[in-house]
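Let me begin by presenting the structure, written as structure tokens, before commenting on it.
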Amino acid sequence: MSSYPLQPIGIVESCFCEKFGIPRQPGLVAAAQGRLRLLPPFDQADTVRGIEQFSHLWLTFVFHQTAEQGWKPLIRPPKLGGNTRVGVFASRSTFRPNPIGLSVVELLEVDTTSGVCLTIGGLDLLDGTPVLDIKPYLPYADSLPQATGGYAPPAQRFIEQVSWTTQAQQALQQLSPDPSQDHALITALLQQDPRPGYQHTESERIYGMQLKVGNVRWRVLPQGAEVIDIEPPSLRLG
Ligand code: SAH
């Protein structure tokens, strides 16, 4: 059998420090921004010449955090409540024979003053994700309005109202270099309702979500989600 050596061409710096809370696909949370820094020898202005003409990019990347866990032929998509199984190739599961992910991201800025750094938005990528390739998104070929989405229709759950305790607002002011951006990010992430499908009835539960800004503690009340507090990143466990 042939082997095809692959090497990362860049590394993602994102707001997400753990899997929990990351949107289920790209484009769901525009405020989820980050950077893609190219690695040598690809970090030269020539490799991205013309890229600024595209609004969106395809990234192929390695599911580096879960790659060692291997794969199974059947998986349980969260969209189906965790009980129904579908084939790995009928899913976007991260546990695949080749742990390769595919995401469309928005290209916000191209900086070639020192190496190559792309600012990207709408991420569903963990901090430190190794990127294998970048390709421009081509609307005439890649946008298929007639496509059907099978068991994965657009977001089924959306939390309209997200409230912040005074404590959480104060913590945000202290911890964030850009409080209004992080306020928008956290609000939009909670609106996606990151709780696992089978936990939406346990409203007493307090969840923690590790972002660059800190560990966001939140819960879901009958009237909507509530940001309880944000702990400094140094208090992260594990
Ligand atoms: N759009 C991609 C990823 C979909 S799965 C694709 O379809 O291939 C989305 C999940 O991938 C996120 O919720 C996050 O938990 C997980 N993820 C993102 N980056 C990862 C990484 N580097 N390693 C492991 N899992 C990752």
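The values are calculated or read from the model by the stated rules, or taken from the named source; none is laboratory data. A quick note: this is a predicted structure, and the numbers were derived from the prediction, not measured. Reconstructed Cβ throughout: ideal geometry from the backbone, glycine too, with neighbour counts over all protein chains shown.
Only one of (1) farther than 30 Å from Val227 by Cβ; (2) more than 16 Å from the ligand (Cβ to nearest atom); (3) of a type in the set (Ser, Thr, Tyr) is not met by Ser163, so which one is it? Unmet for Ser163, out of (1) farther than 30 Å from Val227 by Cβ; (2) more than 16 Å from the ligand (Cβ to nearest atom); (3) of a type in the set (Ser, Thr, Tyr): (1). Could you check the stretch 136-181 and list, in sequence order, the residues that are surrounded by 10 or more Cβ atoms within 10 Å (Cβ to Cβ), touching a residue at least 60 places away in the same chain (Cβ under 8 Å) and touching a helix residue (DSSP H, G or I) at 6+ places or on another chain (Cβ under 8 Å)? The answer is Pro136, Gly150, Tyr151, Ala152, Ile159, Val162, Trp164. Contact map, the stretch 40-67: residues that are within 15 Å of Glu109 (Cα to Cα) paired with residues that are more than 8 Å from the ligand (Cβ to nearest atom) and among the polar types (S, T, N, Q), Cβ distance under 7 Å, separation 6+ or inter-chain. Pairs shown: Ala45/Thr112; Val48/Thr112.
When the residues of the stretch 107-130 are filtered to those that are more than 9 Å from the ligand (Cβ to nearest atom) and outside any strand (DSSP E or B), the one that is nearest to the chain's Cα centre (by Cα) is Gly122.
For residues that are out of contact with any Lys or Arg (no Cβ under 6 Å at 6 or more places or on another chain), at pLDDT below 75 and of a type in the set (Gly, Ala, Ser), tally how many sit in the stretch 147-165. Number satisfying all stated conditions: 1. Got at least one residue in the stretch 43-54 being in a strand (DSSP E or B) and modelled with pLDDT of 95 or more? Looking for residues that are in a strand (DSSP E or B) and modelled with pLDDT of 95 or more, one finds none in the stretch 43-54, hence no. Within the stretch 219-229, the set of residues being closer than 13 Å to Gln169 by Cβ and not aliphatic (A, V, I, L, M) comprises Glu226, Asp229.
Restricted to the stretch 23-69, and to residues there that are more than 22 Å from Gln210 (Cβ to Cβ) and of a type in the set (D, E, K, R), the residue that is nearest to the ligand (Cβ to nearest atom) is Asp43.
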